[in-house]
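Shown next, in structure tokens, is the structure this report addresses.
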Amino acid sequence: MREGILGIVRFHECHSGVDKAAEVCQISRSAIKKEGILTHFAEWLSHIQALEVELHQSTTRCDPKRVAALLHEDFEEIDRSGLRYDKRQTVAALEMETDYPQIFAEGFKLAQISDGAVLLTYKSFQHDAQGRAVRCTERSSIWLLTAQAGWQMRFHQGTPSDD
């Protein structure tokens, strides 16, 4: 992954519950390392991003036990074509994959949507034989912090994009 800016979004509500605002923090990876400003939120981003990218790896995708551990029991997915899948269907489909083109991902942003629940958004793509980006997809995942299994993906959606 190239050096870049980490987008961190924190949502705040006022006491009345009516006035909502979002604070966007831009932190580079080098600044986090150099300045030691790694907050719990930046740690979440790093950890959730690593879990998400793990699901892109062929070694994980063909391991039904690992995939099942990463997906919440009530997991749902809406894929690029608009089809819906549950956890059982997703685990089975990934186990049957035989072609594992490398998936690249960038532009990760994290938003806390409630205690123990975050939204991760990013762009993924693959490279064709000429090195051009193909299958560009805007992705979003909701991750829940569970008492038994730690962070698990509850929802995922991929939407095709032109770039």
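The values are calculated or read from the model by the stated rules, or taken from the named source; none is laboratory data. Values in this document were obtained by computation on a predicted structure and should not be read as measured data. For neighbour counting, all protein chains shown are included, and Cβ atoms are generated from backbone atoms with ideal geometry for every residue, glycine included.
Out of the residues in segment 123-163 meeting the condition of being aromatic (F, W, Y) and closer than 21 Å to L83 by Cβ, tell me which one is nearest to the chain's Cα centre (by Cα).
F155
If we scan segment 67-77, do we find a residue that is surrounded by fewer than 17 Cβ atoms within 10 Å (Cβ to Cβ) and in contact with a Ser or Thr (Cβ under 6 Å, 6 or more places away or on another chain)?
no
In segment 136-158, what residues are in contact with a strand residue (DSSP E or B) (Cβ under 7 Å, 6 or more places away or on another chain) and more than 12 Å from D79 (Cα to Cα)?
C136, I142, W143, L144, L145, T146, W151, Q152, M153, R154
Tell me which residues, restricted to segment 106-120, are over 16 Å from A50 (Cβ atoms) and either modelled with pLDDT of 95 or more or among the hydrophobic types (A, V, I, L, M, F, W, C) (or both).
Once the filter is applied, which keeps residues that are over 16 Å from A50 (Cβ atoms) and either modelled with pLDDT of 95 or more or among the hydrophobic types (A, V, I, L, M, F, W, C) (or both), segment 106-120 yields A111, I113, A117, L119.
If you scan segment 88-112, which residues turn out to be touching a residue at least 40 places away in the same chain (Cβ under 8 Å), in a strand (DSSP E or B) and surrounded by 13 or more Cβ atoms within 10 Å (Cβ to Cβ)?
Listed by number, the residues that qualify are A105, G107, F108, K109, L110, A111, Q112.
For the subset of segment 71-100 comprising residues that are polar (S, T, N, Q) and out of contact with any Leu (no Cβ under 8 Å at 6 or more places or on another chain), which member is modelled with the lowest pLDDT?
Among them, the one singled out is T98.
So which pairs qualify, if the first residue must be in segment 118-137 and in contact (Cβ under 8 Å) with a residue 12 or more places away in the chain, the second must be part of a loop (DSSP other than H, G, I, E, B) and basic (K, R), the Cβ gap must be under 7 Å, and the two must be at least 6 apart or on different chains?
Final answer for the pair search is T137/R80.
Would you be able to tell me the number of residues in segment 139-163 that are surrounded by fewer than 16 Cβ atoms within 10 Å (Cβ to Cβ) and part of a strand (DSSP E or B)?
Residues that pass the stated criteria total 5.
Conditions first: (1) assigned to a loop (DSSP other than H, G, I, E, B); (2) closer than 21 Å to A149 by Cα. T59 passes all but one, so which condition is the exception?
With respect to (1) assigned to a loop (DSSP other than H, G, I, E, B); (2) closer than 21 Å to A149 by Cα, T59 is out only on (1).
Say whether the condition of being assigned to a strand (DSSP E or B), closer than 22 Å to A117 by Cα and at pLDDT below 90 is met by at least one residue in segment 27-45.
yes
Please go through segment 62-86 and pick out each residue that is among the hydroxyl-bearing types (S, T, Y) and either in contact with an Asp or Glu (Cβ under 8 Å, 6 or more places away or on another chain) or in a strand (DSSP E or B) (or both).
If the condition is that a residue be among the hydroxyl-bearing types (S, T, Y) and either in contact with an Asp or Glu (Cβ under 8 Å, 6 or more places away or on another chain) or in a strand (DSSP E or B) (or both), then Y85 is the only one that fits.
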